[in-house]
Amino acid sequence: MVGPAHLLRWEVPDVRARVVRDDEIEGELARLRAATTKAIERLRAVKARAAEKAGQAESAIFDVQISMLEDAELREQVETLVRQNLAPEKAFDIVMLDWRDHFGRSTNPMMRERTGDLVDVHIRLLSILLGLPDHDPVDLAPGSNAIVVTHDLTPSLTMQLDRRAIAGIATDAGTRTSHVAILARSLGLPAVVGLIDATSRITSGERVILDGSNGRLVVKPTAAELSQFADRARREAAAQAELATLLDAEALTTDGVHISLRANVDLPDEAGAAAAAGAEGVGLMRTEFLVVGRTAMPTEDEQYEAYKRVIAAFGKHPVVIRTYDVGGDKLPVGGFPHEPNPFLGWRAIRMCLDEPELFKVQLRAMLRAAMHGDLRIMLPLVVTVDEVRQARFLLLEAADELTARGVAHRRDVPLGVMVETPAAAVSVDSFVKEVAFLSIGTNDLVQYTLAVDRGNASLVTRYTPLHPAVLRLIARTVEVGDGAGLEVSVCGEMASQPLMAYALLGLGVTKLSVAAVSLPAVKRIVRGVSTAGAATAARAALDAGTAREAARVLRAGLQAELGEELLDGLLGLG
Ligand code: PEP
Ligand code: MG
C-alpha cells in the first residue's frame, strides 16, 4: 500500500493566550460564530455517515455534541471572555476546560459520561479556529487514498473515518492482538500498529509505504524500496490468488484428518464474506463490537436481528456467539468505570454477572436467535466454575422471561467457555463437568500466563505465544477436553499464524477459528502437513526451554513438510 500520509492528531491542541483590541472584538466574535457553524456542519456530516454505518441510534452521540456547541450558556461564557479582550480560541479553551472539569467531577454518571463528548467538541472547534487540518478526520476528502497515521484509534475516531478516503492506518499504539488491529483486520483495512513513534517521524503529505506483511511504515521510500515493495506485493497477490483456488478444497491433513476451519466474526456484516470464504461456521462472534463506541447498549430486538443475520449466513453450521467481553481495551464511549488495571479489572463475564438485567437482554436475544440455527453460547474470561453456574441460572431466568412473554426461543442452547486464563486451563477438569465445549482464547491466555499486556507496543518481543508454559496449558486443555468428549477449538490469533497453527495441530487441536482473511492460508497449511509430523514437532516444542527454541523446532518440522518456498510465502502473508 503506497499513498500520502495523513497525520491525524485527535488531541486537544495547545493554545496560547492572545489579546484582541477593542476594535477587533466584533470581527473575532464573527470568526468564532463562523467556526462554530462549521463545526456543527461537520458534525452533521459525521452523523450522517455514522447513521449509514451503525444506525440511527448510534449516530445520536453526534447530536449530543451538536447540542453542546449550540448551548446558549456555553456560547455566552465564551463570548463574554472575548468581549474582555481574549482571543476566541483561548476563551473557548478556558471555558471547555472548566466544563470538562465540572462534568468529570459530577456525581451524576450521565454527566460524567458526557466528558468524552466535550473533549471531542473541544478538539473539533479549536482545530477549526486554529486552522489545524491535522486534527480533524473530516478534512480527508473521498478518494484521497490516504494512509492515516495516528497515535491510537479510539471508537469515536473510528466512527469518524471515511473508508472512501483512507487506504490504510498506522498507529503508534497497539499490537497484533490489540482490538484495534483485530477490528481493522475484520474491516479489511490494511493496518500497521505499534509503531511507537510514527506520529513524531512523519509529516502529512509525505509518501509512505504501509507494509502490512512486515509491520513497517517506510517514509519517503526510495525508487529501489518502491520497486521491491511492488515485487513483493505482486508475489503476495499471486500467492493469494493461488490460495483462492482452495476455496472448495477440504481442510484435510496429508494423513487424512479433517480440520474444521471456522471464522471469527466481529461485526454481523462480515458473516456473508466469512461464509463465502468457506468457513464451516463461526468459532467466535465477538459481540462487544455491537457496543464499543456506542452510547447505549443495543436492545434485545437489535441484538436478535444481528445474531440471526450471522446464523442465516451459515445455514446448518455452528455459530458460537460470545457474551459481552466489554472492558480491557474494548470500551463503550461513556459509562464505564476508569480502572487502574483494566485487563485485570471489571471485564467480560464479571461485568455481566454483576449487571444481570443488562446481561439477560443479551441472553434473551441469543435464545431467540437460536431458533434459526445451531447457535452456541460462550462465556469469556471465566476463572471459576461458579461463574458458569451463575450464568446458567441467568440463562434459565432469561428463558422463563421469554416463555412468560410468549416469545419463541430455545432453552437447550449449548453453553461453553473460553479457556483464556491460566486459572481456567489449570482447573479445566472442573469445567468439563459443567460445560458443553471449550474454546482456547490464546490472545488472553498468553497475556495472563506471561504477565505481558497484549496491547502494549513496547512489550511485543516479550509476547511469545510459543512459550512452553503457554503450550503446556493448551496441551492440558486439549487432553482433558478430549478425554471428556468435549469439542475443543482455538479462536485466538495463534490459529492464524503458520508456526503456531502447526503447533496447535500437533497438540491435537482439530478446530480452528480465524479471521476470514486468514482462512485460505490456514487451509493451505492444513493440507500440506500431517498430524503425525505436527505432533512430533509439538512434543519437541513442549520440551523446549524457551519460545525461541520452540519456534526453531516447529519451523524445522513445518519446513520439512511444506518446503521452504511455500513456508516463506505463507509466513509473509501471516
Ligand atoms: C482471545 O483472548 O484469544 C480471544 C479470542 O478473545 P479476544 O481477542 O476478543 O480477547
Ligand atoms: Mg479474550
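The values are calculated or read from the model by the stated rules, or taken from the named source; none is laboratory data. Quantities reported herein were computed from a predicted structural model and do not represent experimental measurements. As a convention, Cβ positions derive from the backbone with ideal geometry for all residues, glycine included, and neighbour counts pool all protein chains shown. For accessibility, only protein heavy atoms count, side chains too; no ligands or nucleic acids. Shrake-Rupley method; radii C 1.70, N 1.55, O 1.52, S 1.80 Å.
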| Distance from the stretch 426-505 to the stretch 1-70 (C-alpha centre basis), Å | 45
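For the chain, what is the accessible area per residue in Å², given a 1.4 Å probe and the full set of protein chains?
Working: 23520 Å² over 574 residues.
Averaged over the residues of the chain, the accessible area is 41 Å².
Give me the extension gain from Ala408 to Leu29: residue separation times 0.36 nm, minus the current Cα-Cα distance, reported in nm with one decimal.
Net length gain for the segment: 130.4 nm.
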| query | Taking the Cα centre of the stretch 1-223 as the origin, how large is its charge dipole in debye, to the nearest 20, when only Lys and Arg (+1) and Asp and Glu (-1) carry charge on their Cβ atoms? | reply | 820
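For the stretch 164-230, state which trypsin sites (Lys or Arg not before Pro) are in a DSSP loop and have at most 15 other beta carbons lying within 10 Å of their beta carbon.
On the way: sites: Arg164, Arg176, Arg185, Arg201, Arg207, Arg216; in loops: Arg164, Arg176.
Here the trypsin sites (Lys or Arg not before Pro) that fit, given the DSSP loop and packing criteria, are Arg164.
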| Using the beta-carbon distance between Leu97 and Ala451 and R0 = 41 Å, what value does 1/(1 + (r/R0)^6) give for FRET efficiency, to the nearest 0.05? | 0.65
| message | From the helices alone, meaning DSSP H stretches of at least four residues, give me the mean residue ellipticity at 222 nm for the chain, per-run term -39500 (n - 2.57), in deg cm²/dmol to the nearest 500. | response | -15500 deg cm²/dmol
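For Ala141 and Ala241 in the same chain, what is the full-extension length gain: residue separation times 0.36 nm, less their Cα-Cα distance, in nm? If you can, show how the numbers build up before the last one.
Details: separation 100, 0.36 × 100 = 36.00 nm, distance 3.16 nm.
Full-extension gain reported as 32.8 nm.
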| task | Work out the FRET efficiency for Ala436 and Leu344 from their Cβ-Cβ distance, taking R0 = 41 Å, and round it to the nearest 0.05. | result | 0.90
| With each pseudo-label sitting 7 Å past Cα toward Cβ, what's the Met371-Thr80 distance in nm, one decimal? | 5.8
| field | Cα-centred dipole magnitude for the chain, charges only on beta-carbon of K, R (+1) and D, E (-1), debye, nearest 20 | value | 860
| task | Starting from the Cα of Ser67, step 7 Å along the direction of its Cβ; do the same at Leu132; then give the gap between the two resulting points in nm. | result | 2.8
| message | Just want the answer: with Cβ charges of +1 for Lys and Arg and -1 for Asp and Glu, which residue in Asn145, Leu125, Ile61 is farthest toward the dipole's positive end in the stretch 1-223? | response | Asn145
| Stretch gain in nm, segment Glu305-Arg527, where the contour uses 0.36 nm per residue and the Cα spacing is subtracted | 76.3 nm
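Just reorder Lys511, Lys360, Lys316 by solvent-accessible area, largest first, 1.4 Å probe, all chains present. Walk me through the numbers before you get to the answer.
Numbers: Lys511 45, Lys360 5, Lys316 190 Å².
Reading off the accessible areas and sorting them downward yields Lys316, Lys511, Lys360.
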| note | the stretch 379-414 and the stretch 194-244 have their Cα centres apart by a whole-number Å value of 48
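Ignoring any ligand, DNA or RNA, what whole percent of the accessible area of the chain comes from carbon and sulfur when the probe is 1.4 angstrom?
Numbers: 12730 of 23520 Å².
That fraction is 54 percent.
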| said: Need one number: nm distance between label points at Phe393 and Arg232, each 7 Å from Cα along Cα→Cβ, rounded to one decimal. | reply: 5.5
